[in-house]
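Enquirer: I'd like to ask some things about the structure below.
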Amino acid sequence: MSGNNEKDKNNLLLKAQQAWYEKVMIPYITEPTDDGKHSGDGEENSATKGIDTEISCPFCMGLTDEYIGSNKKKIMIIGQAARKLGSWSRQWKGIEPGILFKDVDNKEEHWPAKRMQNWANDYLNVQQRLKQPDKDNEYNSSAFWDFFRYIKKLNDASLCWDDVDKVHFVRSEGKTETEWSLTYMDEVYLSAKYEYDNENYSLLQREIKIANPDVVIFAVGPTYALSIDVALGITDSEHQNMSEKELSRKSLKVSKLFENYPNKNTCVVQNDDLKIRINKLLERKDVVVLWTYHPAALRRMDLYSKALEEITDIISKTGII
């Protein structure tokens, strides 16, 4: 496909991301709930007193020209959260949404969201060896990016990359910044559906719909069950009034996805709820939906090769060209 098709798809993503930013992200930052749990400054979630905690820049996924124009099977790999994106205050805070998501005279320095999307596409291309590394995009030999390369090679596929969590906490001590994961309460809040373009979907749903993959791989492990669940609208809202303690890793069985989740014996699962929701979302019946641990966890548990073999075997039996 032409570059115009790539631009159209990526513009659709940016518009959906802008609506999420305005309808979900800004209220999260500026409008605390009655119990103060979603003030967005990270203060109440900070494990260590005296550490300045802010929100990172949002991750804006994109679709590469190689993915959009490919005649090969299209695989969407969804990770946990993009790290080292920089703090909200330095790069995004105070920028008007109309500028943040708008191409001003085609000058990218006025369009941070587009820069983020371009970075995501360039980074993915570098990791797939479709582009040479540069000062902004170094080759990454981590388990997560090796997983991408093996999936691409073993399945002769075109890939796109997304994350369940679009932001994370950035904690600053002097000139040192470290990343910190969202709490479950934060994840549930930011994965909510929002009205846009006459539809009520979460951002993750909209991104999957625009990418229209043949295969979706959730590489996040069972501790992300509730976040995925909420983002795909699977479970009813009984979790919304639960406390952070109740939403701990030990009590995430409020998620229906916990009826069939990855474990050491079955590290790759085909969860019926996930498959039904995503096939319905894409208005198809043939989308393969797989769920496994994060690749780093797979390596720690010595399940990395097994997971790759199982994923490849499942995909090969589906008849997807």
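Enquirer: Where the second residue is modelled with pLDDT of 95 or more and the first is among the hydroxyl-bearing types (Ser, Thr, Tyr) and lies in region 301-321, which pairs have Cβ atoms under 6 Å and are six or more apart or on separate chains?
Expert: Partner pairs satisfying both residue conditions: 304/298; 318/288.
Enquirer: Restricting region 167-184 to residues that are aliphatic (A, V, I, L, M) and outside any strand (DSSP E or B), which is most open to solvent (accessible area, probe 1.4 Å)? Working first, answer last.
Expert: If we filter region 167-184 for residues that are aliphatic (A, V, I, L, M), which is where we start, we get 167, 170, 182.
Subset that is outside any strand (DSSP E or B): 167, 182.
Numbers: 167: 2, 182: 18 Å².
Top of the filtered list is 182.
Enquirer: Same structure again: Could you check, for region 187-198, whether at least one of its residues is closer than 24 Å to residue 19 by Cβ, out of contact with any helix residue (DSSP H, G or I) (no Cβ under 8 Å at 6 or more places or on another chain) and free of Cβ contacts under 8 Å to residues at least 60 places away in the same chain?
Expert: Yes, that holds for at least one residue.
Enquirer: Next up: (1) part of a loop (DSSP other than H, G, I, E, B); (2) open to solvent by 60 Å² or more (accessible area, probe 1.4 Å); (3) within 20 Å of residue 235 (Cα to Cα): which one isn't true of residue 262, the others all being true?
Expert: (2)
Enquirer: Within region 109-138, count every residue that is modelled with pLDDT of 90 or more and either assigned to a loop (DSSP other than H, G, I, E, B) or charged (D, E, K, R) (or both).
Expert: Looking only at that region, the number is 2.
Enquirer: Sticking with this one: Consider residue 144 against the criteria (1) under 18 Å from residue 63 (Cα atoms); (2) part of a helix (DSSP H, G or I): it satisfies all of them except one. Which criterion is unmet?
Expert: Going through (1) under 18 Å from residue 63 (Cα atoms); (2) part of a helix (DSSP H, G or I) one by one, residue 144 breaks only (1).
Enquirer: Sticking with this structure for a sec: Can you tell me which residue within region 66-92, out of those that are of a type in the set (D, E, K, R) and open to solvent by 50 Å² or more (accessible area, probe 1.4 Å), is modelled with the lowest pLDDT?
Expert: Initially, region 66-92 is screened for residues of a type in the set (D, E, K, R), giving 66, 72-74, 83-84, 90.
Those left that are additionally open to solvent by 50 Å² or more (accessible area, probe 1.4 Å): 66, 72, 83-84, 90.
Values: 66: 94, 72: 92, 83: 80, 84: 75, 90: 61.
By that ranking, first place goes to 90.
Enquirer: Now, a different point. Checking residue 14 against (1) farther than 18 Å from residue 206 by Cβ; (2) at pLDDT 90 or above; (3) not polar (S, T, N, Q), which test does it fail?
Expert: Answer for residue 14: the failing condition is (1).
Enquirer: Ok, one more. For region 125-166, which positions are closer than 14 Å to residue 219 by Cβ and either open to solvent by 90 Å² or more (accessible area, probe 1.4 Å) or in contact with a Cys (Cβ under 7 Å, 6 or more places away or on another chain) (or both)?
Expert: 150
Enquirer: Next question. Please find, within region 224-245, the residue that is nearest to the chain's Cα centre (by Cα) out of those that are modelled with pLDDT of 85 or more and among the β-branched types (Val, Ile, Thr).
Expert: Restricting to residues being modelled with pLDDT of 85 or more and among the β-branched types (Val, Ile, Thr), the top hit is 228.
Enquirer: Next question. Filter the strands (runs of 3 or more DSSP E) completely within region 185-238 down to those with at least 3 residues that are open to solvent by 50 Å² or more (accessible area, probe 1.4 Å) and of a type outside the set (Gly, Ala, Ser). Reasoning before the result, please.
Expert: Working: elements: 194-196, 199-201, 215-219.
Correct list: 199-201.
The values are calculated or read from the model by the stated rules, or taken from the named source; none is laboratory data. Note that the structure is a prediction, hence the values are computed from the model and not measured. Because the Cβ atoms are built from the backbone with ideal geometry, glycine has one as well, and the counts that use them run over all protein chains shown. The protein model used for the area step is the full one, side chains on, heavy atoms only, and it has no ligands, DNA or RNA in it. Shrake-Rupley method; radii C 1.70, N 1.55, O 1.52, S 1.80 Å.
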